[in-house]
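Values quoted throughout were computed directly from the atomic coordinates according to the rules given, and no laboratory measurement underlies them. Everything numeric in this text was worked out from a predicted model, so none of it was measured. FYI the Cβ positions are ideal-geometry reconstructions off the backbone, even for glycines, and counts take in every protein chain you see.
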Amino acid sequence: MQRSERIRAPRLRTARLRLEQLRPSDAALMWEAVQESRRSLARWMPWVAGSVSSDDMAAFVRRTRRSPRDLAWGIWPAGRAGAYGGTVGLHAIYPSQGTAMIGYWVRQRFAGCGHASEAAAAVILWAFAELGLERLEVSAATGNAASLRVIEKLGFVREGRLRHAQRIPGRRRRLDWFVASLIRSDLRRQRRGLRALTGAARPWES
Ligand SMILES: CC(C)(COP(=O)(O)OP(=O)(O)OC[C@H]1O[C@@H](n2cnc3c(N)ncnc32)[C@H](O)[C@@H]1OP(=O)(O)O)[C@@H](O)C(=O)NCCC(=O)NCCS
């Protein structure tokens, strides 16, 4: 993984989801999903409190499309035309180091359907195969049981606790985070499980 040029996020397909690189034209539907999910998202994601309109979504999308360090996909559940299902993204991408971080959120109406695990598994399979990743990191607040379960299902290995890592607007106490990683050699035993989560052997087109 030596590329320093901007990387394109490919279309990914899983059994139930289509993942497309976010476009500014998605902003209105993203905003609708954020509004519907505001309570659950705002508990764990600091950007939610400061987001006031679809312009904030469009600005986020434009930022990720310009940045060589970010790739972000919209999650589109199959058979639910126009229903924006959430976002999955790679961040802090350092091609020369072969490292990146993954993040995700899912719209409230689809919570608990397995969409976060399915979408993240597709991104992970693609990133290790096509981006030449060596290490992928994820973190979640120690109280975020749903996200910690997603991390577990994806086969990440927990590495440690980051104390007072995050401040969430409206919360009195700072949050601790667990940090976990997948490294290339983990993939040997995780690949089958990740494929099972996506329901596809290879979720991207060549
Ligand atoms: C965390 C989040 C992405 C999970 O999305 P999802 O599509 O519901 O995730 P999945 O269905 O793939 O998996 C969720 C798992 O957590 C479990 N779960 C959900 N709530 C739980 C809780 N309160 N305690 C324990 N487990 C819980 C589910 O049962 C499921 O596990 P299972 O498949 O073994 O039954 C979603 O809830 C979300 O967007 N939350 C708000 C934003 C956020 O926290 N983003 C992550 C920041 S690190």
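Side notes on the structure shown:
- Average projected area [Cα convex hull, the chain], square nanometres: 10.9
- Taken as entire DSSP H runs, the helices of the chain that both span 15 Å or more between Cα atoms along their own long axis and average -1.0 or more on the Kyte-Doolittle scale are 27-42, 115-130.
- Pair Q35, A145: separation of 7 Å Cα→Cβ label points (nm): 3.1
- Ascending count of other beta-carbon atoms within 10 Å, so fewest first, for Y84, Y104, Y94: Y94, Y104, Y84
- Computed E for A196/R173 - FRET, C-beta separation, R0 45 angstrom, nearest 0.05: 0.75
- Summarising the amide proton neighbourhood of Q166: residues at separation of 5 or more, or on other chains, whose placed amide H is nearer than 5 Å comprise L175.
- Separation of the D55 and L162 label points, Cα + 7 Å toward Cβ, nm: 3.1
- Where labels lie 7 Å past Cα in the beta-carbon direction, separation of A81 and R63 in nm: 3.4
- When only alpha carbons are used to place a centre, segment 179-203 and segment 119-143 end up 9 Å from one another.
- Taking amide H atoms as placed 1.01 Å from N in the peptide plane, the amide H of R18 lies under 5 Å from those of W76, A78, each 5 or more residues away in sequence or on another chain.
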